[in-house]
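Each remark here refers to the structure printed beneath this line.
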Amino acid sequence: MNNKEILLNVCEVFYSLQGESSYAGYPCIFVRLAECNLNCSYCDTKYSHASGKLWKISDIISEVQKYPVKLVELTGGEPMLQDDVVVLMTELNDLGYQILLETNGSIYLNDVPEYVSRIIDVKTPGSGHGESFMIYNLRNIRPRDEFKFVITSHYDYDFAKEFISRHKLWDQKLIFSPVTFALPAQKLAEWILSDGLNVRMQIQLHKAIGIL
């Protein structure tokens, strides 16, 4: 089968500002793939957990090309549930796109090409999936990798610090984000300042300005 005829299960394709990660604030095209293997307590895209529509990779590329930027994020759901997402990455790279992957880290990641920036959302206990991370993925850490911890409580905060220390990740790009309905951003900021952590605290920019 021609690569461009391969089918992926897609929830939506849209254009917005990147709201999280070190790319926050940049215009970005989002390809949200359908279905997820987790059900986090604070998930704000539960609609993506259902089966979406099957799109040919050629149709995904055509939709992406409608927008005026070259930054694309593959998100979900959990995009790594679909093995052929790597084919989409290859096609986008061949067209000169910069590619971000948002993943929960519970699925094998070593097949992701080196040119993809992996934004790895390590689930904290407050998500309900604090044991979901595939530790094997830490055997192949890359300089462009980013690790995100979504924090609901001081327990989650301590979990994140311990995870980073145990796996010697302090030199990586690290992001702590509060679940705002559970933990005021100011409180998380106070903890980070008190401990002098070398992490980036981040709120969801796209929500703060009222767009997707």
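Bear in mind that the values in this text are calculations on the coordinates, not laboratory data. Since the structure is predicted, the reported quantities are computational estimates derived from the model, not experimental observations. Neighbour counts are summed over all protein chains in view; Cβ atoms, including those assigned to glycine, are modelled from backbone coordinates with ideal geometry.
In this structure, the amide hydrogen of residue 151, modeled 1.01 Å from its nitrogen in the peptide plane, lies closer than 5 angstrom to those of 177, 179, counting only residues at least 5 positions away or on a different chain. In loop segments of the stretch 129-212 as defined by DSSP, the trypsin sites (Lys or Arg not before Pro) with at most 16 further C-beta atoms inside 10 Å of their C-beta are 144, 168. Once backbone amide H atoms are built at 1.01 Å from N, residue 36 has 78 as its partners under 5 Å, excluding neighbours fewer than 5 places away on the same chain. Straight-line reach from residue 4: which lysines have Cα under 28 Å away, leaving out those fewer than 8 places along the same chain? Of all the lysines, those that pass the test against residue 4 - Cα under 28 Å, at least 8 places apart if same chain - are 53, 56, 66, 70. Between helix 154-166 and the chain there is an angle of about 70 degrees, using the helix long axis and the longest principal axis of the Cα atoms. Using 0.36 nm per residue and subtracting the Cα-Cα separation, the extra length available between residue 132 and residue 15 on full extension is 39.1 nm.
Listed values for the stretch 35-42 are Karplus-derived 3J(HN,Hα) couplings in whole Hz (6.51 cos²θ - 1.76 cosθ + 1.60, θ = phi - 60°), namely 6, 9, 8, 10, 9, 5, 4, 9, and x replaces Gly and Pro.
Sparsely packed loop sites in the stretch 112-212 (the GluC sites (Glu not before Pro) outside DSSP H, G, I, E and B with at most 14 other Cβ atoms within 10 Å) comprise 114, 131. If you take all other residues with their beta carbon under 12 Å from the beta carbon of residue 97, and give Lys and Arg +1 and Asp and Glu -1, the sum is -2. Counting only lysines at least 8 places from residue 161 when in the same chain, those with an alpha carbon closer than 24 Å to its own are 123, 148, 173, 187.
Taking θ as phi - 60° and the Karplus parameters 6.51, -1.76 and 1.60, the scalar couplings of the stretch 118-134 work out to 8, 9, 9, 8, 6, 6, 8, x, x, 6, x, 9, x, 10, 7, 5, 7 Hz in sequence order, x denoting glycine and proline. Annotation: cysteines of the chain without a disulfide-compatible partner (Cβ-Cβ under 4.7 angstrom) are 11, 28, 36.
Its DSSP H runs of at least 4 residues, each contributing -39,500 (n - 2.57), put the calculated 222 nm mean residue ellipticity of the chain at -6000 deg cm²/dmol, to the nearest 500. Please report the spacing between the Cα centers of the stretch 89-119 and the stretch 127-203 in Å, no decimals. With the stretch 89-119 and the stretch 127-203 each reduced to a Cα centre, they are spaced 21 Å.
With the convex hull constructed from alpha-carbon coordinates only, the stretch 31-82 shows a mean projected area of 4.2 nm² over all directions.
The long axis of helix 185-195 is offset from the longest Cα principal axis of the chain by roughly 60 degrees. Full extension of the segment from residue 140 to residue 200, taken as 0.36 nm per residue of separation minus the current Cα-Cα distance, would add 19.4 nm.
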